[in-house]
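J.: Below you'll find the structure I mean.
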Amino acid sequence: MSDRGHTLEPGLAQPNVLREYALLADGERGVLVGPRGDFVFMCFPRWHDDALFSSLVGGRGAYAVTPKPRFVWGGHYEAGGLIWRSRWTTEENGIVECREALALPARTDRAVVLRRVHATAGRARVDVVLNLCGRFGGEPVRDLARDEDGNWRGTVAGAHFCWTGGSHARVEKTEVGGQALTMELDVEEGGHHDLVLTIDAHEPPEAADPDRAWEGTEAAWRERVPAVDGSIAPRDSRHALAVLAGLTSTSGAMVAAATMSLPERARAGRNYDYRYAWIRDQAFAGQAVAKAGPHQLLDDAVRFVRERLLEDGPRLRPAYTVAGDDVPDQRDLDLAGYPGGSAVVGNWVNRQFQLDAFGEALLLFAAAARHDHLDAEGWRAIEVAADAIAERWREYDAGIWELEPAEWTHSRLICAAGLRQASEIGPGGERAARWLSLADTLVADTARRATHPSGRWQRAVGDERLDAALLIPPLRGGVPPDDPRSVATLRAIDSDLTQEGYAYRFRPDARPLGAAEGAFLLCNFLLALAWGQQGDRVAAARWFERARAACGPPGLLSEEFDVEQRQLRGNLPQAFVHAMLLECAIEQDRF
């Protein structure tokens, strides 16, 4: 970025392409940071709540630290966490950095936002704007006042806040009758200036000490995200682990993404709210982390999925809030949305049945058991999941891609995989025999009714098309990797669902690949794992490297990739894509 953009009101800038946004996160909430040092999206107190900064989706509210001279933007994450350093080289030959993070350890009812402006080379001259606006921009700040220590205090959408480091800020009116704080900051070369914003859902917070807050945050990230051994891409693997950790609440739940309503394709109506915890995504992440070792994120995933299974049994929902509550119904907000999309909250997944979630849960529990990280309640959840498969496997379900209910091949074969792995780790006896028998029944019935005339698997009974999800069952042991149907399916997907090094989920219609939807980065990683399983290290490396290079400077990946325009599409960052990157990087070193 070479200019500062057009200002709509204090701190409110035009949106950027997704590859230019970084993420700050503490597990309970996240912030998207743009190249102008602008916070464009943050919900409070938790992921699924209303936003205080929402300019990303056409709302109000922003927090910006932007160099005054013209600049070129860059930045990087410090190793092993989500401490981001925005970096600007200015036309005055100065270099300005802003070190920023959500402080750890986190609380569900309090957020502490740390920003430290560094004059790395030359003087740092920056504009600072704090414009809090609750309920997606509909409720401005109230009771704004500076206390005797020079800290700014006020309320917004029922929450209390304290901002330190801005004692000489000015109050400006906003378009909605609210109040924003603006100031110019001048830092001598080699110096720094701290800005700390504390938001509390219940009571006026004390002013945070920046040095102590930074020390605690650094220590917490070191503990949470160790180095990843045995990976072909150790830096990217650790970064993927950090992203997953940042998206994971103290409840153990991991949100699918930090954002909502970012379109997968302009004006196509495909923009969704992903600020919820999908059972399948939890299982993907837990299994990937298990490859690296028995880290905390594995226990987190097991705990959340176990609790949901024991509570809801065969009526397990596909997704929940991080608090374990139901996902709200989808509804539109009266906002412009990110260009090409519209602003929606909630998700219609709350009305779906997804059979594969039970199979994935069993695979997750098996991965934990192999590390001796499954307690008695976990073993009970295995029985609940297995019984649910026995009860419901003949029903139509929405499948992994959440489409119209059908007899999806992947759903049944992944349940077979989960049952087989559960039987391997259990005490044996009659239960294990029953689970193996059910797995054999699932595979036999699916083979009889969903084998394509060419000898490969087809995506569903009555639907002869290919589907990249069919790469997963052989990877998880649902069917043998050397089964002729597995090999034929892999070769067909590589031939018919890929183009220019990128893989697609399926062909929605007769149009060429890429015309209906973008490449699906998850599928690239699945191809890497599948070819590696077949012993083709070159093909595995090619699919892996192509996908991990799709990110922008902050190293974040979304769900889809527009190959023609080389742009990320959909919500950011997509957790299961980072989980599969982590698994691939580890498995690449073992092929």
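The values are calculated or read from the model by the stated rules, or taken from the named source; none is laboratory data. Everything numeric in this text was worked out from a predicted model, so none of it was measured. A quick note on method: Cβ atoms are made from the backbone with ideal geometry, for glycine too, and the neighbour counts reach across all protein chains shown.
J.: Between Leu82, Leu52, Leu12, which is modelled with pLDDT of 95 or more, part of a loop (DSSP other than H, G, I, E, B) and either outside the structural domain of Leu130 (by TED's automatic domain parsing) or not small (Gly, Ala, Ser) (or both)?
T.: It is Leu82.
J.: Between a residue in segment 476-495 that is in contact (Cβ under 8 Å) with a residue 12 or more places away in the chain and any residue that is basic (Lys, Arg) and not in a helix (DSSP H, G or I), which pairs come within a Cβ distance under 7 Å, given they are 6 or more apart or on different chains?
T.: Going by the 7 Å Cβ cut-off, the qualifying pairs are Arg485/Arg456; Ala488/Arg456; Thr489/Arg456; Ala492/Arg456.
J.: While we're here: Could you tell me whether any residue of segment 125-138 is within 21 Å of the chain's Cα centre (by Cα), under 18 Å from Gly158 (Cβ atoms) and assigned by TED's automatic domain parsing to the domain that holds Leu56?
T.: Yes - at least one qualifying residue is present in segment 125-138.
J.: Looking at segment 529-585, which of its residues are of a type in the set (Asp, Glu) and either within 15 Å of the chain's Cα centre (by Cα) or not assigned by TED's automatic domain parsing to the domain that holds Leu490 (or both)?
T.: Glu559, Glu560
J.: Of the residues Val327, Val345, which is within 13 Å of Phe136 (Cβ to Cβ) and in contact with a strand residue (DSSP E or B) (Cβ under 9 Å, 6 or more places away or on another chain)?
T.: Val345
J.: Every residue in segment 227-245 that is of a type outside the set (Val, Ile, Thr) and more than 13 Å from Ala579 (Cβ to Cβ), please.
T.: Once the filter is applied, which keeps residues that are of a type outside the set (Val, Ile, Thr) and more than 13 Å from Ala579 (Cβ to Cβ), segment 227-245 yields Ala227, Asp229, Gly230, Ser231, Ala233, Pro234, Arg235, Arg238.
J.: Quick check, is Thr259 in the same structural domain as Val112 (by TED's automatic domain parsing) and crowded, with 20+ Cβ neighbours inside 10 Å?
T.: Spelling it out, it is not the case that Thr259 is in the same structural domain as Val112 (by TED's automatic domain parsing) and crowded, with 20+ Cβ neighbours inside 10 Å.
J.: Another question, if that's okay. Identify the residue in segment 59-79 that is touching a Phe, Trp or Tyr at 6+ places or on another chain (Cβ under 7 Å) and assigned to a loop (DSSP other than H, G, I, E, B) and, among all such residues, is farthest from Ala157 (Cα to Cα).
T.: Going through the qualifying residues, I end up with Gly59.
J.: Restricting attention to segment 249-275, which residues are over 17 Å from Leu32 (Cβ atoms) and not small (Gly, Ala, Ser)?
T.: Thr250, Met254, Glu264, Arg265, Arg267, Arg270
J.: Kindly indicate whether Arg85 is without any contact (Cβ under 8 Å) to a residue 24 or more places away in the chain, basic (Lys, Arg) and under 25 Å from Gly555 (Cα atoms).
T.: So Arg85 fits the description; yes.
J.: Check segment 553-562 and report whether any residue there is part of a loop (DSSP other than H, G, I, E, B), touching a strand residue (DSSP E or B) at 6+ places or on another chain (Cβ under 8 Å) and hydroxyl-bearing (Ser, Thr, Tyr).
T.: yes
J.: When residues of segment 491-503 are filtered for being crowded, with 21+ Cβ neighbours inside 10 Å and closer than 17 Å to Glu464 by Cβ, how many remain?
T.: Matching residues across segment 491-503 total 2.
J.: Kindly list the number of the only condition in (1) assigned to a helix (DSSP H, G or I); (2) crowded, with 24+ Cβ neighbours inside 10 Å that fails for Gly478.
T.: (1)
J.: Taking the criterion of being in a loop (DSSP other than H, G, I, E, B) and closer than 21 Å to Trp278 by Cβ, would at least one residue in segment 433-453 satisfy it?
T.: no
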